[in-house]
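Here is the structure we will look at, set down as structure tokens.
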Amino acid sequence: MDRAAIIGLGMTRIEANKVRDTFADMAWEAVNKALSDAGMTIDDIDNVVTTSNDFWDGRTISCMAVGDASGAKHKNISCCEGDGTFGAFYGLTRILSGSYGTTLVTAHSKGSESISSLITNASFDPIYDRGLGMDMISASAMQARAYMNRTKTTPEQMALVSVKNHGNAIRNPYAQLPMKITVDDVLKSEMIADPLHKLDCSPVSDGCCAIIIANEDRATKYTKTPVWIKGVSFCSDSFFLGDRDLSQAPSLKAAAKKAYDMAGIKNPGKEIDLAELYDAFSYQELMWLEALGLAGDGKAGKELEDGRYDLGGALPVNASGGLLSGHPVIAAGLIRIAEAVKQIRGDAGKYQADGVRLALAQGLNGLCGQSHCVWILGKDK
Amino acid sequence: MGKRRVAIVGTGQTFHKSHRPDVNGQELIHEAVQSALNDAGMKIGDIDAIVIGNMDHFEGINYVDCWSVDGSGGVMKPIIKLTTGGTTGCTVGIGGYHMVASGIFDKVLVIGWEKNSESDTTGAITTAFDPIWDRLVFAGAISGLAAEAQAYMAKYGATDKDGARVSVRDRKHACNNPHAQLRKEVTIDEVLASPMLADPIHLLDVCPRTDGACAVIMACEGIAEKLTPIPDWIWGTANRHTYTYLNDTAFGGLDSMAEASKELFKKAGIREPRKELDVIELYQPYSFAGIIWIEDMGIVPRGKGAEYIWSGATDMGGELPINPSGGVIACNPIGATGLIRCAEVALQIMGKAEARQVPDVNLGVSTGFGGCFWVDMILHGKNKPAF
């Protein structure tokens, strides 16, 4: 892969209900922040990729709502539907193809305008599954149970993910749910879908994120701190939950392996300094850590208890507070990339981890992590 | 242009119909994918990645990239969804191009599909527009198109007879295409006598709703030539999604087409598209667009579109045949429609277009139209681009 870098980022605060902002307002804010972060004007942007989802936005052709606010009127533009990590992947290929020197990538959604159980129910097969009343939470509860059963991960270990991430969010001014809570608080919170308590689940959120990707020539033209894209890959598992071993994430393993190979990483658990993962539910952070090879199989819970994934630990995970502290669907993965970039640049303020040279960001699409996208970002070229 | 050259090496389409109750969406997709793989002499294991697109609200399925894998062959492969409304089919084509040109993937399967019979098409399209400013004024697709046609007619004195001539052309061409949904010749009088849907657009001036899928396989230079004797080389791509609000649109001409064409032809060094292009597959959802948009594309000067159409130059056997496949008026599975245009130009370049083959095609253009008067375009060539 030719060299490319992320040279700018911008995001709105993640909030429960941005009642005063339209999709375009959110995009406008994130895009302008990204441009000023990179020291660029919109004229320096060669092309735009927006990321959105028609179901979450309640609009067909949902990208139409943000094209003008993303400055795309006289530019080439496209739209990815899915997590922002996938939109960013497409934005990257448009640079690597040699067609454009810079790509502005945005991702947005407003959970506050949505009914998430109906929207995620529509992700199930209309003939075989949907009538069962499945939604993302009930499906994830089954996955949590399968994962716990196979690895003997305990409810307390899952709860500790929530304690850690909400605690990290206290240092992040953009997070929606900064909270000092205990394992007991999590376990005593309302049971949403056994074994998932309310505090095991990410909230409904509004937000938008934008990043700017540049080719090698342009990467250092505007900023002194480009963050280099070392490896990136994505992969999808089977669709029907019954066709999968829900306790495993083979598509994440495959995507990670390819991304590590591209980045020349042989021992990810040792070489990667920080990870921003898609912790839509507490157990997912542990499960993804294992599939990514950052934790031993079935060991993530124990390693969490030992402090390995704390902000001051050997491998800080979701130092930003993660999705548990704010989950604007679609934008969530792009925010993971942006947070990893901040950490590598040393711009993460009060939640800055020490000595981050190589970071991993992850996003996903579909039910129970069917399709994953893995990004490896680095300080060095 | 690109870091490495990219070509289409195989295409596949379903036999498009108004209603396919015999298959579900995955099965419909599978028909097109299998047909494209057969055309390229490949197996699904040879495919490195998949780009898929449709419009969610036509089938009511969220995360189609994930749901479709049993039909697309995407299990344990990278699959990504791109969607931009009516332009989707061309958007996924452009996406496939970048994926291969980037060097990350060598062989990419591109899929566009739609099962419009499962939806209320107009209801779904209406939700595309801003809920406060546009949605109550413009219902569905046809009202905006009628406004465009009226503005053009007022400016250049075109008549509904001129529109009808385009419809007569495309419906005649469709008779040569076994994949087209509507294969029946009509006369100008029949078009004008058909029910008025939104003045000046009659029923026979517009596209139908269709169930169908299309798949295209793209490969990088070095592999493409080994897979097929005459690859269809991608010479360039360009698009513009100029407007967000319908009320901002400059009705009477298609600004996005004008800007995208200018960029595309400049990249490829095309100065006189009318002379240099051999075929166009235009995403033309209604007849009047066949007059207006060829002006925006720079084929003929402003106001001269109708005259050019009446001359027969765009008919089969003419100077620059447009829509040998019968185009969108004969068949419109929306998410697939733009990719069908791309596949049809590829067939023309590869010499596989059978009864609808235009002789000696060296350069062709396929387009997508949708969203808020948006345009996506791909330039195809028989020879490798020099750039």
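The values are calculated or read from the model by the stated rules, or taken from the named source; none is laboratory data. Predicted model only: the values in this text are computed from it and were never measured. Here the Cβ positions follow ideal geometry from the backbone for every residue, glycine too, while neighbour counts run over all protein chains shown. To get the accessible areas, we keep the full protein, side chains included, count just its heavy atoms, and leave off ligands, DNA and RNA. Shrake-Rupley method; radii C 1.70, N 1.55, O 1.52, S 1.80 Å.
Would you check which residues across segment A:247-264 are surrounded by fewer than 22 Cβ atoms within 10 Å (Cβ to Cβ) and either of a type in the set (A, V, I, L, M, F, W, C) or part of a helix (DSSP H, G or I) (or both) and list them? Hits for segment A:247-264 are A:Pro250, A:Lys253, A:Ala254, A:Lys257, A:Lys258, A:Asp261, A:Met262.
Scanning segment A:51-92 for residues that are hydroxyl-bearing (Ser, Thr, Tyr), under 23 Å from the mean Cα position of the chain (by Cα) and closer than 22 Å to A:Asp21 by Cα turns up A:Thr51, A:Ser52, A:Ser62, A:Ser70. Residues that are of a type in the set (A, V, I, L, M, F, W, C), within 19 Å of A:Asp194 (Cα to Cα) and surrounded by 17 or more Cβ atoms within 10 Å (Cβ to Cβ) within segment A:110-135 comprise just one, A:Met134. Contact annotation: residue pairs with Cβ atoms under 6 Å, 6 or more positions apart or on different chains, pairing a residue in segment A:266-291 that is among the small types (Gly, Ala, Ser) with a partner that is in a helix (DSSP H, G or I) and open to solvent by less than 10 Å² (accessible area, probe 1.4 Å), are A:Ala280/A:Leu323; A:Ser282/A:Met158; A:Ser282/A:Val161; A:Ser282/A:Ser162; A:Ser282/A:Asp200; A:Ala291/A:Leu252. Would you check if there is a residue in segment B:311-323 being part of a helix (DSSP H, G or I) and of a type outside the set (S, T, N, Q)? No, there is no match, as no residue in segment B:311-323 is part of a helix (DSSP H, G or I) and of a type outside the set (S, T, N, Q). State which residue is surrounded by the fewest Cβ atoms within 10 Å (Cβ to Cβ) when the search covers only segment A:51-64 and only residues that are outside any loop (DSSP other than H, G, I, E, B) and facing chain B (nearest Cβ under 7 Å). Once the filter is applied, the top-ranked residue is A:Asp54. Does B:Arg183 qualify as being basic (Lys, Arg) and in contact with a Cys (Cβ under 7 Å, 6 or more places away or on another chain)? The answer is yes for B:Arg183. Here A:Glu156 passes the criteria (1) of a type in the set (Asp, Glu); (2) open to solvent by 10 Å² or more (accessible area, probe 1.4 Å); (3) touching a strand residue (DSSP E or B) at 6+ places or on another chain (Cβ under 8 Å) except the one numbered (3). If the condition is being among the aromatic types (Phe, Trp, Tyr) and away from chain B (no Cβ under 14 Å), then segment A:343-381 contributes only A:Tyr351.
When the residues of segment A:25-50 are filtered to those that are touching a residue at least 24 places away in the same chain (Cβ under 8 Å) and outside any helix (DSSP H, G or I), which remaining residue is farthest from B:Ile94 (Cα to Cα)?
The first filter runs over segment A:25-50 and keeps only residues touching a residue at least 24 places away in the same chain (Cβ under 8 Å), leaving A:25-31, A:33-40, A:42, A:44-50.
Retained after the next criterion (residues that are outside any helix (DSSP H, G or I)): A:39-40, A:45-50.
Working: A:Gly39: 30, A:Met40: 27, A:Ile45: 19, A:Asp46: 16, A:Asn47: 13, A:Val48: 14, A:Val49: 13, A:Thr50: 15 Å.
Going through the qualifying residues, I end up with A:Gly39.
The listed residues are B:Gly10, B:Gly71, and the only one of them that is surrounded by 24 or more Cβ atoms within 10 Å (Cβ to Cβ) and assigned to a strand (DSSP E or B) turns out to be B:Gly10. Of the numbered criteria (1) open to solvent by less than 10 Å² (accessible area, probe 1.4 Å); (2) at pLDDT 95 or above; (3) within 26 Å of B:Cys342 (Cα to Cα); (4) not assigned by TED's automatic domain parsing to the domain that holds B:Asp22, the one B:Ala101 fails is (4). B:Ala330: open to solvent by less than 10 Å² (accessible area, probe 1.4 Å) and touching a residue at least 12 places away in the same chain (Cβ under 8 Å), yes or no? Against the criterion (open to solvent by less than 10 Å² (accessible area, probe 1.4 Å) and touching a residue at least 12 places away in the same chain (Cβ under 8 Å)), B:Ala330 qualifies. Residue under question is B:Asp39, and the condition is that it be open to solvent by 20 Å² or more (accessible area, probe 1.4 Å), more than 7 Å from chain A (Cβ to nearest Cβ) and without any contact (Cβ under 8 Å) to a residue 24 or more places away in the chain; does it hold? No: the conditions fail for B:Asp39. If you take the residues of segment A:333-365 that are in contact with a Lys or Arg (Cβ under 6 Å, 6 or more places away or on another chain) and among the charged types (D, E, K, R), which of them is most open to solvent (accessible area, probe 1.4 Å)? Checked segment A:333-365; the qualifying residue most open to solvent (accessible area, probe 1.4 Å) is A:Lys350.
In segment B:64-76, the residues that are more than 12 Å from A:Phe240 (Cα to Cα) and without any contact (Cβ under 8 Å) to a residue 24 or more places away in the chain reach residues that are of a type in the set (A, V, I, L, M) and surrounded by fewer than 24 Cβ atoms within 10 Å (Cβ to Cβ) with C-beta atoms within less than 8 angstrom, at least six apart or across chains, in these pairs: B:Met76/A:Ala254. Within segment A:167-185, the set of residues being crowded, with 23+ Cβ neighbours inside 10 Å and among the aliphatic types (A, V, I, L, M) comprises A:Ala169, A:Ala175. Consider B:Val69 against the criteria (1) hydrophobic (A, V, I, L, M, F, W, C); (2) within 29 Å of B:Lys3 (Cα to Cα); (3) within 7 Å of chain A (Cβ to nearest Cβ): it satisfies all of them except one. Which criterion is unmet? Of (1) hydrophobic (A, V, I, L, M, F, W, C); (2) within 29 Å of B:Lys3 (Cα to Cα); (3) within 7 Å of chain A (Cβ to nearest Cβ), only one is false for B:Val69: (2). Residue count for segment B:161-189 satisfying the condition of being in contact (Cβ under 8 Å) with a residue 60 or more places away in the chain, within 19 Å of B:Glu307 (Cβ to Cβ) and among the hydrophobic types (A, V, I, L, M, F, W, C): 2. Every condition in (1) farther than 30 Å from B:Glu59 by Cα; (2) in a loop (DSSP other than H, G, I, E, B); (3) open to solvent by less than 20 Å² (accessible area, probe 1.4 Å) holds for B:Lys384 except the one numbered (3). Condition check for B:Leu192 on (1) in contact (Cβ under 8 Å) with a residue 40 or more places away in the chain; (2) open to solvent by less than 60 Å² (accessible area, probe 1.4 Å): one failure, at (1).
The residues listed here are B:Ile79, B:Ile61, B:Ile50; of these, the one that is open to solvent by less than 10 Å² (accessible area, probe 1.4 Å), β-branched (Val, Ile, Thr) and touching a Leu at 6+ places or on another chain (Cβ under 6 Å) is B:Ile50. Counted as qualifying within segment B:87-178 are the helices (runs of 4 or more DSSP H) with 2 or more residues that are more than 13 Å from chain A (Cβ to nearest Cβ), namely B:142-156, B:160-174. Would you be able to say whether some residue in segment A:9-24 is assigned to a helix (DSSP H, G or I) and either at pLDDT 95 or above or crowded, with 21+ Cβ neighbours inside 10 Å (or both)? Checked against the condition, which is being assigned to a helix (DSSP H, G or I) and either at pLDDT 95 or above or crowded, with 21+ Cβ neighbours inside 10 Å (or both), segment A:9-24 yields at least one hit. Just give me the residues in segment A:65-88 being at the interface with another protein chain (Cβ under 7 Å from one of its Cβ atoms) and within 24 Å of B:Ile104 (Cα to Cα), in sequence order. Within segment A:65-88, A:Asn76, A:Ile77, A:Ser78, A:Cys79, A:Cys80, A:Glu81, A:Gly82, A:Phe86 meet the criteria.
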